[in-house]
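Below is one structure, written out as structure tokens; comments come after it.
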Amino acid sequence: MGSRVTQATGFVSARSSKVGVPMGEPDDEEESSEPEDDERIMKLLTYTGKHTPEETAAYLEELGGDDALIYGDLWVGKPLHAKAFFLLMAAACLNDELPLAPQILEKRALFKACKGGDEAQSALLVMLELFCIKERRAGLAEFGAVLKVLWERDIVEQGVIEAWIDNERALQEVHPGHFSQTDAETVRQSSREFVEWLQAGEDEP
């Protein structure tokens, strides 16, 4: 098998048209409401613009994440998922109006600097799945291209990708409130062609 980049050049993943996701409007009558964003997101946004990917990765570790506010819910005892969320929302600052794969490719040095072991990589896939559900619905149908970039650039290993696609309830196991069986099936169906090609181990699809 050739290099990951060479092997992946022939693979083309179809993209769907963008589907917008309306954001909820706050109730004007409410005098106060619970914050929806973790305060560390703004800190990381400010830091990332002035530092290298390696420095940002180190700062991300310093911020911690045993308890993290994610989409208005408190996630307790899931630091790897919190770190992945902060990476997507602040360090990489993914744009929900654009396809995700090219954005990850552009920020590949940052994603590579933040790469952890298998559990951290699994958490990244779950949080990318959640990002698609909450921020970019079109991303559910583009996920094969996302996996291609993650594998090709050595950000997520093949075994982790295979484990994720085989476990439709990966997100439910972490946070049931955000899980939808339909979404889980959709995102994996759009990824299956790439994973089957990857498992075949061929230089050309």
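The values are calculated or read from the model by the stated rules, or taken from the named source; none is laboratory data. Please read all numbers here as calculations on a predicted model, not as lab measurements. Here the Cβ is made from the backbone with ideal geometry for all residues, glycine too, and neighbour counts use every protein chain on show.
Of note:
- Test: LEU147 is within 21 Å of TRP197 (Cα to Cα), under 11 Å from the mean Cα position of the chain (by Cα) and in a helix (DSSP H, G or I): yes
- Residue, nearest to ILE155 (Cα to Cα), within the stretch 109-127, restricted to residues that are surrounded by fewer than 20 Cβ atoms within 10 Å (Cβ to Cβ) and under 13 Å from the mean Cα position of the chain (by Cα): LYS115
- Residue in the stretch 56-71 that is over 24 Å from ARG136 (Cβ atoms), modelled with pLDDT of 95 or more and outside any helix (DSSP H, G or I) present: no
- If you go through the stretch 84-120 and keep only what is more than 24 Å from ARG137 (Cβ to Cβ) and either at pLDDT below 95 or among the small types (Gly, Ala, Ser) (or both), you end up with ALA109, ALA113, GLY116, GLY117, ALA120.
Table: residues versus (1) surrounded by fewer than 17 Cβ atoms within 10 Å (Cβ to Cβ); (2) in contact with a helix residue (DSSP H, G or I) (Cβ under 6 Å, 6 or more places away or on another chain); (3) among the aromatic types (Phe, Trp, Tyr).
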{"site": "ARG40", "(1), (2), (3)": "no, yes, no"}
{"site": "LEU44", "(1), (2), (3)": "no, yes, no"}
{"site": "THR52", "(1), (2), (3)": "yes, no, no"}
{"site": "GLU55", "(1), (2), (3)": "yes, no, no"}
{"site": "ALA90", "(1), (2), (3)": "no, yes, no"}
{"site": "LEU100", "(1), (2), (3)": "no, yes, no"}
{"site": "PHE131", "(1), (2), (3)": "no, yes, yes"}
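- With respect to the conditions (1) loosely packed, with under 15 Cβ neighbours inside 10 Å; (2) free of Cβ contacts under 8 Å to residues at least 24 places away in the same chain; (3) not in a helix (DSSP H, G or I), GLU185 lacks only one, and its number is (3).
- Condition broken by TRP75, with the remaining ones in (1) at pLDDT below 95; (2) part of a helix (DSSP H, G or I); (3) among the aromatic types (Phe, Trp, Tyr) satisfied: (2)
- Among the residues of the stretch 64-88, those identified as surrounded by fewer than 19 Cβ atoms within 10 Å (Cβ to Cβ) and touching a helix residue (DSSP H, G or I) at 6+ places or on another chain (Cβ under 6 Å) are ASP66, TYR71.
- Tally, over the stretch 150-179, of residues that are loosely packed, with under 13 Cβ neighbours inside 10 Å and either among the aromatic types (Phe, Trp, Tyr) or not in a helix (DSSP H, G or I) (or both): 1
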